[in-house]
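The values are calculated or read from the model by the stated rules, or taken from the named source; none is laboratory data. It should be emphasised that the depicted structure is a prediction, and the values quoted were computed from it without experimental measurement. Ideal geometry is used to build each Cβ from the backbone, glycine not excepted, and the neighbour counts take in all protein chains shown.
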Amino acid sequence: MPTADQTRSLTFDVLQDDFGPALDEVARLRLELFREFPYLYEGTAESEAEYLRTYALAPGALLVLARDGERVVGACTAVPLEHEVEELQAPFRAAGLDPAQVLYIGEALLETEYQSRGLGGELLDRAEAQAAALNLPLIAAAMVQRPADHPLMPAGWRSPRKFVERRGYVMRPELDTTLTWQEVGEAQPSPKPMRFWVLERGRGSAV
C-alpha cells in the first residue's frame with residue numbers, strides 16, 4: 001500500500017484532443033475495477049475500444065490520469081453529454097434539459113490501494129474544471145443501483161454517493177435510465193438501472 005508521502009508525490013496529466021495510448025490505460029482500469037461490485041462488468045478489449053472511441057472523437061472530451069512514477073493508477077473522463085449514448089441523453093431531454101449544456105463524468109477510477117486518500121477528489125477537480133472551460137452549467141455523473149441485500153456486495157463496501165454529495169451533487173431520480181452490459185455470471189448482457197447525480201456549477205466544488 002502506498003504511504004501518505006507516496007500519494008502526495010503522484011502527478012496528474014490532463015489530456016484533450018489527442019489521447020493516444022492513454023485510452024489503453026483507461027481500458028485497463030475499467031476492466032479491472034468495474035469487474036468488482038457494484039458494476040460486476042464482464043468487459044472485453046473490443047467493448048472497451050468501442051466505448052472509448054467516444055472520447056477519442058468527441059469535441060470537448062477530457063481525460064485525467066493519475067500517475068505514480070510512470071505507472072497510471074487512476075483516471076477520470078469527461079465529455080459533453082450530447083456526445084454520449086442516447087440512453088444517457090434521453091432522460092435529460094425528457095426533463096427539459098439540453099444535453100449540450102451538461103458535462104458528463106464517465107468514470108473516476110483509482111486502483112484499490114490508492115483509494116480513500118483524497119485522490120478521487122483531485123481527479124474530479126480537474127475533470128469538473130472542463131465545465132467552466134466549455135461554459136457548461138451542469139455536471140452529471142451516473143451510478144448503477146444495487147439492492148442493499150445484493151449477494152455479491154462485499155462486507156464493508158461503501159457507496160460513492162456520500163462522496164459526490166459532499167461535493168455538491170444532488171440525486172435526481174427523475175433522470176433514471178438503464179445501461180446494458182454483461183455482468184459477471186451472466187450469459188448475455190442485460191439492462192442495469194442507473195441513477196444520475198447532478199452538480200450546478202458554482203454551487204459545489206466545481207471550478
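Pick from Ala140, Ala131, Ala127, Ala108: which is within 30 Å of Ser9 (Cα to Cα) and in contact with a Lys or Arg (Cβ under 6 Å, 6 or more places away or on another chain)?
Every option except Ala131 fails the conditions.
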Right, Arg172: out of contact with any helix residue (DSSP H, G or I) (no Cβ under 6 Å at 6 or more places or on another chain), in a loop (DSSP other than H, G, I, E, B), surrounded by 14 or more Cβ atoms within 10 Å (Cβ to Cβ) and among the charged types (D, E, K, R) or not? no
Out of curiosity, is Val73 of a type in the set (Val, Ile, Thr), crowded, with 17+ Cβ neighbours inside 10 Å and part of a helix (DSSP H, G or I)? no
Could you list all residues from region 82-123 that are surrounded by 15 or more Cβ atoms within 10 Å (Cβ to Cβ), within 22 Å of Arg35 (Cβ to Cβ) and of a type in the set (A, V, I, L, M)? Leu88, Ile105, Ala108, Leu109, Leu110, Leu119, Leu123
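Yes or no: Pro59 on the phi < 0 side of the Ramachandran plot, touching a helix residue (DSSP H, G or I) at 6+ places or on another chain (Cβ under 8 Å) and without any contact (Cβ under 8 Å) to a residue 40 or more places away in the chain? Don't jump to the end; show me each part of the working.
On the way: on the phi < 0 side of the Ramachandran plot: yes; touching a helix residue (DSSP H, G or I) at 6+ places or on another chain (Cβ under 8 Å): yes; without any contact (Cβ under 8 Å) to a residue 40 or more places away in the chain: yes.
Spelling it out, Pro59 is indeed on the phi < 0 side of the Ramachandran plot, touching a helix residue (DSSP H, G or I) at 6+ places or on another chain (Cβ under 8 Å) and without any contact (Cβ under 8 Å) to a residue 40 or more places away in the chain.
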Among the residues in region 38-53, are any outside any strand (DSSP E or B) and of a type in the set (Lys, Arg)? yes
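Take the residues in region 1-23 that are part of a helix (DSSP H, G or I) and surrounded by 15 or more Cβ atoms within 10 Å (Cβ to Cβ), then tell me which one is modelled with the lowest pLDDT. Give the steps one after another, and end with the answer.
Of all residues in region 1-23, those part of a helix (DSSP H, G or I) come to 4-8, 22-23.
Right, trim to surrounded by 15 or more Cβ atoms within 10 Å (Cβ to Cβ) and you get 7, 22-23.
Numbers: Thr7: 52, Ala22: 92, Leu23: 93.
If we take residues in region 1-23 being part of a helix (DSSP H, G or I) and surrounded by 15 or more Cβ atoms within 10 Å (Cβ to Cβ), then Thr7 is modelled with the lowest pLDDT.
Scanning region 29-47 for residues that are surrounded by fewer than 16 Cβ atoms within 10 Å (Cβ to Cβ) and of a type in the set (D, E, K, R), which turns out nearest to Asp149 (Cα to Cα)? So that I can check it myself, show each step before the final result.
We begin by selecting, within region 29-47, every residue surrounded by fewer than 16 Cβ atoms within 10 Å (Cβ to Cβ); these are 32, 35-37, 44-46.
Those still in the list that are of a type in the set (D, E, K, R) too: 32, 35-36, 46.
Working: Glu32: 24, Arg35: 19, Glu36: 16, Glu46: 32 Å.
Among residues in region 29-47 that are surrounded by fewer than 16 Cβ atoms within 10 Å (Cβ to Cβ) and of a type in the set (D, E, K, R), the one nearest to Asp149 (Cα to Cα) is Glu36.
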Of the conditions (1) closer than 24 Å to Phe12 by Cβ; (2) modelled with pLDDT under 95, the single one that Tyr169 does not satisfy is (2)
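When the residues of region 146-158 are narrowed to those that are in contact (Cβ under 8 Å) with a residue 40 or more places away in the chain and closer than 20 Å to Asp176 by Cβ, which ends up nearest to the chain's Cα centre (by Cα)?
At the first step, the residues of region 146-158 found to be in contact (Cβ under 8 Å) with a residue 40 or more places away in the chain are 146, 150, 152-154, 157.
The next check asks that each one be closer than 20 Å to Asp176 by Cβ; those that pass are 146, 150.
Values: Arg146: 17, His150: 22 Å.
Residue satisfying both the conditions and the ranking: Arg146.
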